[in-house]
Amino acid sequence: MRKHALYGLMAEFETADALLEAVRKAREAGYRRLDAYTPFPVEGLADALGFHTTRVPLIVLIGGLIGCFGGFFLQYYPNVIGYPLNIGGKPYDSWPSFIPITFELTILCAALSAVFGMLALNGFPTPYHPVFNAPRFELASQNRFFLLLEARDPKFDAEKTKQFLVELKAFEVSEVAT
Amino acid sequence: MGMEPIGPQNTPVVPPGVPEIAPGHTYGSVTDKISAIVLTRGTRKGWWVGFLIAFALLMVMHYAIAMVLFIGVGLYGINIPVGWGFAIVNFVWWIGIGHAGTLISAFLLLMRQKWRTSINRFAEAMTIFAVSCAGVFPLMHMGRPWLFYWLLPYPDTMGVWPQFRSPLVWDVFAVSTYATVSVLFWFVGLIPDLATLRDQAKKRIAQFVYGFLSLGWRGSAIHWRRYEMASLLLAGLATPLVISVHTVVSFDFTIAIIPGWHSTIFPPYFVAGAIYSGFAMVLTLAIPLRSFYKLEDFVTMRHLDNMAKMLLATGLIVAYGYMMETFMAFYSGNPFDRYMIMNRMFGPYAPWYWLLITCNIAIPMTLLWSSKIRRNVKALFCISLVVQLGMWLERFIIVVTSLHRDFVPSSWGMFYPTAIDFLLFFGTIGLFFTLFYLFIRYLPMISIFEMRELVHKTAEE
C-alpha cells in the first residue's frame, strides 16, 4: 500500500474536560496548528485554541443594514420617483406604511447573512477533509472528544508529538493521512 | 450505532433529580436512542397507518385544489358581503400554530430555558409544515393563483408595482420571510445531527444522503463557536420576526374600517392567540410522540407541565383581549361597534361564539390552574385539542361576524361554507401530517447535540 503523507496526529479523549486540559497543555507546549473536535459545543474550547472573536456578528450587521436600506428604497423608489400614484390622497412618501416591509427585509437579509456567513467562514460544504481518515473519528459526532495536532506545525515531530499526546493521557493516538 | 466505547467508563452520567431528562443517560445513550428511531428501528406499522391516513387526506387537498383551479373560487362559500371565508380563517389558524415552534426554539433559547432542548426540533418542524399549509389558502383564494408573482416587486413590462401601502402586500413579505427564516433556522440546527446520522448510518444511501446534507460537519471547536454565534443571532432575529408576522396578519384586519376589525388591540391579541394555539399543537404532537417512541426520558412531565403553563398564560392574554374587545365596543360609544358585539353574542352566529368562549376560556382557563390536570397526560391532550378548535372558531368569528353585517343593513348576508371549503381545510391537515410523518421517520425529532450538551451540563452540576 502506498504510504500517505501525514496530515497530523489525532488524540482521543473521553471527556470534555480532558480535551480542554490537553488543548491548554498543547498551546503551552508551543503548538499553534491544532484543532479540537467535539460532539457538542464545549465552553471555552475555542478560546483555549486561540480563537477569540468571530466575524459572524459583523456579517449579520452588514446584511441587516443592506436589508433595511434596500427594503426602504424598494418602496421609496416606485412610490416617489419611478411611478408615483395618488392613492386616496396619501402623500407619495408615506414612510410609516413602508416600515413593515423594511422590517421584514432587514430580518430576512440579516438571517440569510447569519446562515451563509457562518457556513462560508466554516468553509462548508467540505466534501473531503483529512480528519475523516482518523480511526474512530465517527465518534466525534457521538460521544468522544478529539484533539488534532497538524503536521505543518513548525513544532511538529512525528515521534515527539506522539509521545507528547500519550503523556496527555489520550485514550488513543493515531496518525491521520492527508 | 457506531463503535462501542472501549476502556474505562468515566463518561458523564445524568444524576437523579433533574426535571428535564431522566437519570442515567450519557452522551452515547441519548445519541443512540434518538438516532435509532431514524436508522435502526425501521418503519413501524403504526407509522404506516398514520402516514397513509395523512396521505389520503393530502390527496383530498389535491382534489380540492384541482377543483378550485379548474372551476374557480365560486366553489367556496364566499360572496358579498363575506368575501373572506374559510381561506383566511384557515390561513390565520395555521400561521398561528406555527408561531409556538419559533417561540420555543428562539425565544426560549434567548431566555436560556433548559426545557426547550428536547422539544425545539419537532416544534420547529411543526412551524415549517404549518406555514406550508397556511400558504395554500391565500394562494387558492386569489382567483388566478398562477399570477401570484404579481405580488412581488419586480420591474415588469406592465409598469406597475405592488401596492406597498397595503397590508396584504406586507403579508406577502412577512410570511415569505417567516417561512425562509424558519427553514434556515431548522436546517442550521440539523447540521450537527445530520453529521451524527452520517457517522452512524450503515447503509450506503443513508451515509450518502446524510453526509451530503451535513455539508462536511466535523465538530471543530472553531466551527462550533461560529455556529453558536450564528444560532444566537438567528434566535435574536427570529423572536421579533415571529411577533411581527402575526402583527402583520392582524393588520390585514385592523387597517380596514370594518367594525370588529378596526381595533388597536388586534396585534398583541393575535400574537398571544397564535402562541396559545401553537403550544396546544405542540402538546397535541408531543404527547402521542413520546409514548409511541418511548421518549418519556427526554420529554418529561416537566416539559408538559411547562407547556401547559404557557397555555394558561397566553390563554389569559387572549381572554383579556376578548374582554377588552367587548368593553371598547360599549365604551367607544360607536353604535356600529356596539351592534357588532351584540350581534356576535346573540346574532345568527351566537352558538359558535359561545362555543369559542367555552373552548378557549371556560374549559382551559379553569382546568389548567390545577397541577394535577397539568400532569395528567390524557387530560392535557384533550385540552390541547379543545384549544385548537377554539382558536379556529375565534378566527371564524372574527372574519365572518364582522363582515356579514356591516354599516348598511341592506347589504347584510350570511356565510355558509361549502364542501370544497371543508375538503381544502381537512386536506391541509393531511399535508401537515404527511410532512410530519416523513420528518419523524427520516430526521432526528429531538436535537441530539443539544441533548448531549444537556447531559454535559446536568452531569457537571
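Inside segment B:27-50, can you point out the residues that are among the β-branched types (Val, Ile, Thr), within 17 Å of B:Asp193 (Cβ to Cβ) and at pLDDT below 90? Let's see the steps before the verdict.
First, pick out the residues of segment B:27-50 that are among the β-branched types (Val, Ile, Thr): B:30-31, B:34, B:37-38, B:40, B:43, B:49.
Pick out the ones that are also within 17 Å of B:Asp193 (Cβ to Cβ) and you get B:30-31, B:34, B:37-38, B:40.
Listed by number, the list holds a single entry, B:Thr40.
Tell me whether segment A:40-47 contains one or more residues that are part of a helix (DSSP H, G or I), facing another protein chain (nearest Cβ under 7 Å) and out of contact with any Pro (no Cβ under 7 Å at 6 or more places or on another chain).
Filtering segment A:40-47 for residues part of a helix (DSSP H, G or I) gives A:45-47.
Applying the additional criterion that residues be facing another protein chain (nearest Cβ under 7 Å) yields A:45-46.
Okay, now just the ones that are also out of contact with any Pro (no Cβ under 7 Å at 6 or more places or on another chain), so A:45-46.
Yes, because at least one residue in segment A:40-47 is part of a helix (DSSP H, G or I), facing another protein chain (nearest Cβ under 7 Å) and out of contact with any Pro (no Cβ under 7 Å at 6 or more places or on another chain).
For A:Pro84, all conditions in the list (1) more than 7 Å from chain B (Cβ to nearest Cβ); (2) touching a residue at least 12 places away in the same chain (Cβ under 8 Å); (3) of a type outside the set (S, T, N, Q) hold save one; what is the number of the exception?
Looking at each condition in turn, A:Pro84 falls short on (2).
Please verify whether A:Ala11 is of a type in the set (A, V, I, L, M), closer than 26 Å to B:Ile448 by Cα and part of a strand (DSSP E or B), treating the condition exactly as stated. Break it down stepwise before answering.
On the way: of a type in the set (A, V, I, L, M): yes; closer than 26 Å to B:Ile448 by Cα: yes; part of a strand (DSSP E or B): yes.
Criteria met by A:Ala11.
Between residues in segment B:211-223 that are closer than 13 Å to A:Phe132 by Cα and residues that are acidic (Asp, Glu), which pairs lie under 8 Å by C-beta distance while being six or more apart or on different chains?
Pairs that qualify, where the first residue is closer than 13 Å to A:Phe132 by Cα and the partner is acidic (Asp, Glu), are B:Ser220/A:Asp35.
Can you spot a residue in segment B:133-146 that is among the aromatic types (Phe, Trp, Tyr) and outside any loop (DSSP other than H, G, I, E, B)?
Here is the first cut: in segment B:133-146, the ones among the aromatic types (Phe, Trp, Tyr) are B:137, B:146.
If we keep only those that are outside any loop (DSSP other than H, G, I, E, B) as well, we get B:137, B:146.
Yes, the conditions are met somewhere in segment B:133-146.
Within segment B:423-441, does at least one residue satisfy the condition of being among the small types (Gly, Ala, Ser), under 29 Å from B:Leu316 (Cα atoms) and within 24 Å of the chain's Cα centre (by Cα)? I'd like the intermediate steps shown before the answer.
The first filter runs over segment B:423-441 and keeps only residues among the small types (Gly, Ala, Ser), leaving B:427, B:430.
Those still in the list that are under 29 Å from B:Leu316 (Cα atoms) too: none.
Looking for residues that are among the small types (Gly, Ala, Ser), under 29 Å from B:Leu316 (Cα atoms) and within 24 Å of the chain's Cα centre (by Cα), one finds none in segment B:423-441, hence no.
Can you pull out the residues in segment A:48-63 that are more than 7 Å from chain B (Cβ to nearest Cβ), of a type in the set (A, V, I, L, M) and closer than 23 Å to A:Ala114 by Cβ? Steps first, please.
First, the residues of segment A:48-63 that are more than 7 Å from chain B (Cβ to nearest Cβ): A:48, A:50, A:52-53, A:55, A:58-59, A:61-63.
Keeping just the survivors that are of a type in the set (A, V, I, L, M) gives A:48, A:58-59, A:61-62.
Those that are more than 7 Å from chain B (Cβ to nearest Cβ), of a type in the set (A, V, I, L, M) and closer than 23 Å to A:Ala114 by Cβ: A:Leu58, A:Ile59, A:Leu61, A:Ile62.
Which condition from (1) in a helix (DSSP H, G or I); (2) within 30 Å of A:Asn79 (Cβ to Cβ); (3) within 7 Å of chain A (Cβ to nearest Cβ) is the one that B:Ala179 breaks?
(3)
Can you tell me which of (1) exposed (fewer than 12 other Cβ atoms within 10 Å of the Cβ); (2) assigned to a helix (DSSP H, G or I) is the one B:Gly42 doesn't meet?
For B:Gly42, the failing item is (2).
Is it true that B:Gly83 is assigned to a helix (DSSP H, G or I) and of a type outside the set (A, V, I, L, M, F, W, C)?
Values: assigned to a helix (DSSP H, G or I): no; of a type outside the set (A, V, I, L, M, F, W, C): yes.
So B:Gly83 fails the test.
For (1) surrounded by fewer than 18 Cβ atoms within 10 Å (Cβ to Cβ); (2) assigned by TED's automatic domain parsing to the domain that holds A:Ala46, each residue gets a yes or a no:
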site: A:Tyr76; (1), (2): no, no
site: A:Gly82; (1), (2): yes, no
site: A:Phe98; (1), (2): no, no
site: A:Ile107; (1), (2): no, no
site: A:Phe137; (1), (2): no, no
site: A:Pro154; (1), (2): yes, yes
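Examine segment A:162-169 for a residue that is out of contact with any Cys (no Cβ under 8 Å at 6 or more places or on another chain), surrounded by fewer than 18 Cβ atoms within 10 Å (Cβ to Cβ), within 13 Å of chain B (Cβ to nearest Cβ) and closer than 30 Å to A:Tyr76 by Cα, and state whether such a residue exists.
We begin by selecting, within segment A:162-169, every residue out of contact with any Cys (no Cβ under 8 Å at 6 or more places or on another chain); these are A:162-169.
With surrounded by fewer than 18 Cβ atoms within 10 Å (Cβ to Cβ) added as a condition, the list becomes A:162-163, A:166-167, A:169.
Keeping just the survivors that are within 13 Å of chain B (Cβ to nearest Cβ) gives A:169.
Retained after the next criterion (residues that are closer than 30 Å to A:Tyr76 by Cα): none.
No, segment A:162-169 has no match at all.
When A:Ala120 is evaluated against the numbered criteria (1) part of a loop (DSSP other than H, G, I, E, B); (2) more than 9 Å from chain B (Cβ to nearest Cβ); (3) of a type outside the set (Asp, Glu); (4) under 13 Å from B:Leu215 (Cα atoms), which criterion, by number, is the only one it fails?
With (1) part of a loop (DSSP other than H, G, I, E, B); (2) more than 9 Å from chain B (Cβ to nearest Cβ); (3) of a type outside the set (Asp, Glu); (4) under 13 Å from B:Leu215 (Cα atoms) applied to A:Ala120, the lone miss is (1).
Yes/no matrix, rows are residues, columns are (1) surrounded by fewer than 21 Cβ atoms within 10 Å (Cβ to Cβ); (2) modelled with pLDDT of 95 or more; (3) more than 8 Å from chain A (Cβ to nearest Cβ):
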residue	(1), (2), (3)
B:Pro192	no, yes, no
B:Ala195	no, yes, no
B:Lys202	yes, no, yes
B:Val209	yes, yes, yes
B:Gly216	yes, no, no
B:Gly219	no, no, no
B:Arg226	no, yes, no
B:Ala230	no, yes, no
B:Leu233	no, yes, no
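In segment B:7-39, which residues are within 14 Å of chain A (Cβ to nearest Cβ), surrounded by 11 or more Cβ atoms within 10 Å (Cβ to Cβ) and more than 15 Å from B:Lys294 (Cα to Cα)?
Of everything in segment B:7-39, those that are within 14 Å of chain A (Cβ to nearest Cβ), surrounded by 11 or more Cβ atoms within 10 Å (Cβ to Cβ) and more than 15 Å from B:Lys294 (Cα to Cα) turn out to be B:Thr11, B:Pro12, B:Val13, B:Val14, B:Thr26, B:Tyr27, B:Gly28, B:Leu39.
Yes/no per residue for (1) surrounded by fewer than 22 Cβ atoms within 10 Å (Cβ to Cβ); (2) closer than 30 Å to B:Trp84 by Cα:
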site	(1), (2)
B:Trp369	yes, no
B:Ile373	yes, no
B:Met391	no, yes
B:Phe407	yes, yes
B:Ile420	no, yes
B:Ala459	yes, no
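For segment B:374-392, name all the residues that are free of Cβ contacts under 8 Å to residues at least 24 places away in the same chain and in a helix (DSSP H, G or I). Lay out the reasoning, then the answer.
Taking segment B:374-392 as the starting set, the residues that turn out to be free of Cβ contacts under 8 Å to residues at least 24 places away in the same chain are B:376, B:378-379, B:382.
Within segment B:374-392, B:Lys378, B:Ala379, B:Cys382 qualify.
Take residues that are free of Cβ contacts under 8 Å to residues at least 12 places away in the same chain and tell me which of the helices (runs of 4 or more DSSP H) falling wholly in segment B:270-369 contain 2 or more.
On the way: elements: B:301-331, B:335-346, B:350-357, B:363-367.
In segment B:270-369, the matching helices (runs of 4 or more DSSP H) lie at B:301-331, B:335-346, B:350-357.
Could you look through segment B:241-267, keep only residues that are of a type in the set (A, V, I, L, M) and closer than 20 Å to B:Asp406 by Cβ, and pick out the one that is farthest from the other protein chains (Cβ to nearest Cβ)? Let's see the steps before the verdict.
Just the residues of segment B:241-267 that are of a type in the set (A, V, I, L, M), to begin with: B:241-243, B:245, B:248-249, B:255-258, B:265.
Then drop every residue that is not closer than 20 Å to B:Asp406 by Cβ, which leaves B:255-258, B:265.
On the way: B:Ile255: 9, B:Ala256: 13, B:Ile257: 12, B:Ile258: 17, B:Ile265: 18 Å.
The residue in question is B:Ile265.
Are any residues in segment A:92-117 polar (S, T, N, Q) and either in contact (Cβ under 8 Å) with a residue 60 or more places away in the chain or within 8 Å of chain B (Cβ to nearest Cβ) (or both), and if so, which ones?
First, pick out the residues of segment A:92-117 that are polar (S, T, N, Q): A:94, A:97, A:102, A:106, A:113.
Result: A:Ser94, A:Ser97.
The values are calculated or read from the model by the stated rules, or taken from the named source; none is laboratory data. None of the values given here were measured: they were computed from a predicted structure. We place every Cβ from the backbone using ideal geometry, glycine too, and count neighbours over all the protein chains shown.
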